[in-house]
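*Asks:* Starting off with a structure, shown below.
The values are calculated or read from the model by the stated rules, or taken from the named source; none is laboratory data. These figures come from a predicted structure and were not determined experimentally. Because the Cβ atoms are built from the backbone with ideal geometry, glycine has one as well, and the counts that use them run over all protein chains shown. The accessibility values were calculated without ligands, DNA or RNA, using every heavy atom of the protein model including side chains. Shrake-Rupley method; radii C 1.70, N 1.55, O 1.52, S 1.80 Å.
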Amino acid sequence: MRIDTKCIQSGYAPKNGEARILPIYQSTTFKYESTEQMGRLFDLEEDGYFYTRLANPTNDAVAAKIADLEGGVAGMLTSSGQSACFYSIFNICEAGDHFVCSTSIYGGTYNLFSVTMKKLGIDVTFVDPDAPAEEISAAFRPNTKALFGETIANPALVVLDIEKFAKVAHDHGVPLIVDNTFATPINCRPIEWGADIVVHSTTKYMDGHATSVGGAIVDSGNFDWEAHADKFPGLTTPDESYHGVVYTERFGKAAYITKATATLMRDLGSIPSPHNSFLLNLGLETLALRVRKHCENAQKVAEFLSKNDKVSWVSFSGLEGDKYHDLAKKYMPNGSCGVISFGVKGGRESAVKFMDSLKLAAIVTHVADARTSVLHPASHTHRQMNDEELKAAGVTPDLIRFSVGIEDADDIIEDIENALCAAQ
Ligand code: PLP
């Protein structure tokens, strides 16, 4: 199936007489007639549902759709993008381990990795994603277990050179984990470029209507954990907390995602509600349509901004001459995303006035839904960072993150034009 068809058809295939639309299994638990069968389910010896924290048919169908869209072998849903990012690392790192990460990532992920995970004894080294491979390589240590980056960084809009990152990761015998939230599988499928694990904040374009916070992890099934068995004992040696199962032996290509479900979801429990997954699935059905319209509108808005004398700079990889134009053409030939970063002349003060003068675009802590929205990262999402950290993340004090919706592009442009006049 092609990608537009997968958005509609993947994940749920009703049999004769069954509900046409994915049912919401709003049930914490599932009934069995024999103690023995329930025991086999607990031992992972038989497939089946027994408790929604571990698996639920609605959640599983949506996870399977996202896995199919990304070209992976299996996926799991989480209750937020934050938990997806956390699980993606914590599934293969423990106290004493280390991973390498691009500096240009979402502020919440930066905080999770640099503060909270450090408290768990997992260390991170941040690297400039534009640095040559040798420089990124130099950040690796014998205890390094993963490399992490965002396809299009939020909010700096740095486009990741996925092939470069994949090569460095694989040269060191570790997986590349890519957060593909902004690009979505409609515009880029990182697995096709060498990524091993893909994560999402489904809260953004995938849900698309700002109804449900959620996350997803997709396993490509391509990383050879056994070839680097000494680095990944959690996958390649018996798990005593699960009756001695060896995930790579029992689950092959789905070892990583099965371990994430069987241990992390079991112990930490950030499961989405089946109702939220149902809403996410509705969003996914129109993902391809919406993403194309977001990109088309964003291109028009970016071109308008780039010609406006009240705007000091525009960052959008769809613009000729943008620093990331060539990388975007390679990895996302049909468009990148609907988010634009720009600076208003007059710095932080004018940026705030501009934002307060917008009528159609709303100030919200959100991006990537159907409605045009706007945010000032230095005052909002990235406010925990000092100036040096902001600079490293590519976030200047005047940066406005503008998420172009799917309204009529002319209405969005008129709103911007009026607000720019008011800000001067
Ligand atoms: N990854 C990226 C790229 C994001 O933009 C966000 C949130 O903005 C997250 C992860 C965290 O996702 P959530 O807000 O769903 O927890």
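*Asks:* Looking only at the stretch 1-41, count every residue that is at positive phi and either open to solvent by less than 70 Å² (accessible area, probe 1.4 Å) or touching a Phe, Trp or Tyr at 6+ places or on another chain (Cβ under 9 Å) (or both) and tell me the total.
*Replies:* Here the count works out to 1.
*Asks:* Let me ask another. Quick check on this structure: which one of I89, I136 is more than 16 Å from the ligand (Cβ to nearest atom) and assigned to a helix (DSSP H, G or I)?
*Replies:* On inspection, the qualifying residue turns out to be I136.
*Asks:* Here's another thing I want to ask about it. Out of D322, D326, which single residue is in a loop (DSSP other than H, G, I, E, B) and of a type outside the set (S, T, N, Q)?
*Replies:* Exactly one of D322, D326 is in a loop (DSSP other than H, G, I, E, B) and of a type outside the set (S, T, N, Q), namely D322.
*Asks:* Looking at the stretch 8-25, can you tell me whether even one residue there is in the same structural domain as T263 (by TED's automatic domain parsing), within 16 Å of the ligand (Cβ to nearest atom) and either hydroxyl-bearing (S, T, Y) or touching a strand residue (DSSP E or B) at 6+ places or on another chain (Cβ under 7 Å) (or both)? Steps first, please.
*Replies:* Taking the stretch 8-25 first, the residues in the same structural domain as T263 (by TED's automatic domain parsing) are 8-25.
Next, from what is left, pick out any that are within 16 Å of the ligand (Cβ to nearest atom): none.
No, that holds for no residue.
*Asks:* Please verify whether the stretch 119-132 includes one or more residues that are of a type outside the set (A, V, I, L, M, F, W, C), within 24 Å of Y324 (Cα to Cα) and part of a helix (DSSP H, G or I).
*Replies:* Among the residues of the stretch 119-132, not one is of a type outside the set (A, V, I, L, M, F, W, C), within 24 Å of Y324 (Cα to Cα) and part of a helix (DSSP H, G or I), which makes the answer no.
For every residue, the table says whether it meets (1) at pLDDT below 95; (2) more than 16 Å from the ligand (Cβ to nearest atom); (3) assigned by TED's automatic domain parsing to the domain that holds V245; (4) buried (at least 18 other Cβ atoms within 10 Å of the Cβ).
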{"site": "D43", "(1), (2), (3), (4)": "yes, yes, yes, no"}
{"site": "T58", "(1), (2), (3), (4)": "no, yes, yes, yes"}
{"site": "G75", "(1), (2), (3), (4)": "no, no, yes, yes"}
{"site": "S83", "(1), (2), (3), (4)": "no, no, yes, yes"}
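*Asks:* Then there is this: Any residue that is open to solvent by 10 Å² or more (accessible area, probe 1.4 Å), among the hydroxyl-bearing types (S, T, Y) and not in a loop (DSSP other than H, G, I, E, B) - is there at least one of those in the stretch 237-246?
*Replies:* Yes - at least one qualifying residue is present in the stretch 237-246.
*Asks:* Of all the residues that make up the stretch 189-239, how many are in contact with a Ser or Thr (Cβ under 6 Å, 6 or more places away or on another chain) and of a type in the set (V, I, T)?
*Replies:* So the count comes out to 6.
*Asks:* Looking at V178, V218 in this structure, which one is within 16 Å of the ligand (Cβ to nearest atom), at negative phi and free of Cβ contacts under 8 Å to residues at least 60 places away in the same chain?
*Replies:* None of the other options fit; the residue is V178.
*Asks:* Sticking with this structure for a sec: Condition first: open to solvent by 10 Å² or more (accessible area, probe 1.4 Å) and either of a type in the set (D, E, K, R) or assigned to a helix (DSSP H, G or I) (or both). Now tell me which residues in the stretch 151-162 satisfy that.
*Replies:* Passing the criteria: only D161.
*Asks:* If you don't mind, there's one more thing I want to ask. Enumerate the pairs (first residue in the stretch 98-111 and not assigned by TED's automatic domain parsing to the domain that holds I177; second residue anywhere and within 10 Å of the ligand (Cβ to nearest atom) and open to solvent by 10 Å² or more (accessible area, probe 1.4 Å)) with beta-carbon separation below 6 Å, excluding pairs fewer than 6 apart on the same chain, so at least 6 apart or on different chains.
*Replies:* Pairs that qualify, where the first residue is not assigned by TED's automatic domain parsing to the domain that holds I177 and the partner is within 10 Å of the ligand (Cβ to nearest atom) and open to solvent by 10 Å² or more (accessible area, probe 1.4 Å): there are none.
*Asks:* Next question, about the same structure. How many residues does the stretch 365-407 contain that are within 16 Å of the ligand (Cβ to nearest atom), open to solvent by 50 Å² or more (accessible area, probe 1.4 Å) and more than 15 Å from A156 (Cβ to Cβ)?
*Replies:* Number of matching residues: 4.
*Asks:* A follow-up question, please. Search the stretch 96-122 for residues being farther than 25 Å from D224 by Cβ and away from the ligand (no atom under 16 Å from the Cβ), and hand back the single one that is least open to solvent (accessible area, probe 1.4 Å).
*Replies:* Among those residues, the one meeting the criterion is G121.
*Asks:* Now, a different point. I'd like the full set of residues that are within 24 Å of the chain's Cα centre (by Cα), part of a helix (DSSP H, G or I) and crowded, with 19+ Cβ neighbours inside 10 Å, limited to the stretch 294-316. First the steps, then the outcome.
*Replies:* Going through the stretch 294-316, the residues within 24 Å of the chain's Cα centre (by Cα) turn out to be 294-299, 302, 314-316.
Within this subset, residues satisfying the condition of being part of a helix (DSSP H, G or I) are 294-299, 302.
Answer for the stretch 294-316, where residues must be within 24 Å of the chain's Cα centre (by Cα), part of a helix (DSSP H, G or I) and crowded, with 19+ Cβ neighbours inside 10 Å: H294, C295, N297, A298, Q299, A302.
*Asks:* Please go through the stretch 1-56 and give me each residue that is in a loop (DSSP other than H, G, I, E, B), under 25 Å from the mean Cα position of the chain (by Cα) and not β-branched (V, I, T), ordered by number.
*Replies:* Within the stretch 1-56, M1, R2, S10, G11, Y12, L22, R53, L54, A55, N56 meet the criteria.
*Asks:* Among the candidates T144, T184, T151, which residue alone is in contact with a Phe, Trp or Tyr (Cβ under 8 Å, 6 or more places away or on another chain), away from the ligand (no atom under 16 Å from the Cβ) and not charged (D, E, K, R)? Even if it seems obvious, please write down each step before you answer.
*Replies:* Numbers: T184 fails: away from the ligand (no atom under 16 Å from the Cβ); T151 fails: away from the ligand (no atom under 16 Å from the Cβ).
Exactly one residue qualifies, and that residue is T144.
*Asks:* Could you tell me whether T211 is of a type in the set (S, T, N, Q), away from the ligand (no atom under 16 Å from the Cβ) and in contact (Cβ under 8 Å) with a residue 40 or more places away in the chain?
*Replies:* no
*Asks:* As an exercise: evaluate D230 against (1) more than 21 Å from A55 (Cβ to Cβ); (2) within 16 Å of the ligand (Cβ to nearest atom) and give the number of the one condition it does not meet.
*Replies:* Exception for D230: condition (2).
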